[in-house]
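Take a look at the structure set out below.
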Amino acid sequence: MNAGNTPQPDRGGLPYALGAYGIWGLLPLYLILVQSVPAFEFVGWRIIWTVPICLLIIVARKQWAEVHAAFTNWNTLRILVLSSMLIAVNWFVYVWAIQGGHIYAASLGYYINPLINVMLGTALLGEKLTRRQWLAVLVAGSGVALLMIGALTTLWISLTLAFSFAAYGLLRKQVPVGSLPGLTVEAILMMPLAIGIAAWYGMTPAGTSFGQDVSLSLAIILGGFVTAIPLLLFAVAAKKMDYSTLGFVQFLAPTLVFFLGLLVFEEPLVWTELAAFVAIWTACALFVSDLWRKHPAKAASKAA
């Protein structure tokens, strides 16, 4: 029986998770608004406008102590410097891929990501894989192999997105900083580079994209919101629901990106990409089914 004082997950976290992954999945639609902005410049402006938005939320949630603690701990700050580099690479490749019409490659990257997380956890954190998880990794590997046959030119996009975000998550697991305070510190650390990028584009003959057109400038500012808000929703969801359930919901984002590529951007789907998607979807199904299979056992052990 369940003890009366045993804390139970609040199922109210699901709307927050759907909100976070829904925004991430629909991000290509937002990027249409800023498609005239070079990817490198846009990432610079995204960093610049993420800082004030994050700081406002930090003040509202009274999390300034976490930000201060991160800046005064050298070991934490050193890791966040590395993680900020990884997330900057991830943002640039994603924006460049969407602007270049490589929607499926971007989608595949985030399907592969949780499987890369499992492999990194095994190799670096001493975690053990079940047989079903090993099978999922092998099936996913076959999907990547198919891309090497027929979609080699875009394979690097998927793998860069998957590995950069997986490595980013691995580093962030090493520091005692929450999602939003951590992003705030990372964005502040990247601010000098971002200002340099904006200044460099401002000195080019074409000039910077910001400030020339009101609607485009507002769309660029919106980049700060679409960076900070879903992360805030994710942080709330992570506290309110089982992490295994949250892991299942994360597949919503690349699924939305896939269907946007198919129905909105009308990107041609070659047979190797389709076969790779089938392999990755199968691997994800195996991965998620394993999580759900273990979930009742964990719940029963907690209730005992």
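Readers should treat all values here as calculations from the given coordinates under stated rules, not as data from a laboratory. Please read these numbers as outputs of a predicted model, since none were measured by experiment. Using ideal geometry, Cβ is built from the backbone for each residue, glycine included, and neighbour counts are taken over all protein chains shown.
Numbers for the structure displayed
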read-out	value
The chain, relative contact order in percent, only Cα pairs under 8 angstrom and at least six apart counted	42 percent
Order of ILE221, ILE23 under a 10 Å beta carbon neighbour criterion, fewest first	ILE221, ILE23
Taking TYR30, TYR104 and counting other C-beta atoms within 10 Å, the order from fewest to most	TYR30, TYR104
For the chain, built as a Gaussian network whose Cα springs stay under 10 Å, the top-fluctuating residue of LEU252, LEU260, LEU138	LEU138
Lysine pairs within the chain, Cα separation less than 18 Å, 8 or more sequence positions apart or different chains	10
Residue with peak Gaussian network fluctuation, the chain [Cα springs, cutoff 10 Å], from LEU232, LEU216, LEU269	LEU269
Net charge of neighbours whose Cβ lies under 13 Å from the Cβ of SER179, counting Lys and Arg as +1 and Asp and Glu as -1	+2
Sparse-neighbour loop sites [trypsin sites (Lys or Arg not before Pro); region 75-139; at most 13 other C-beta within 10 Å; DSSP]	LYS128
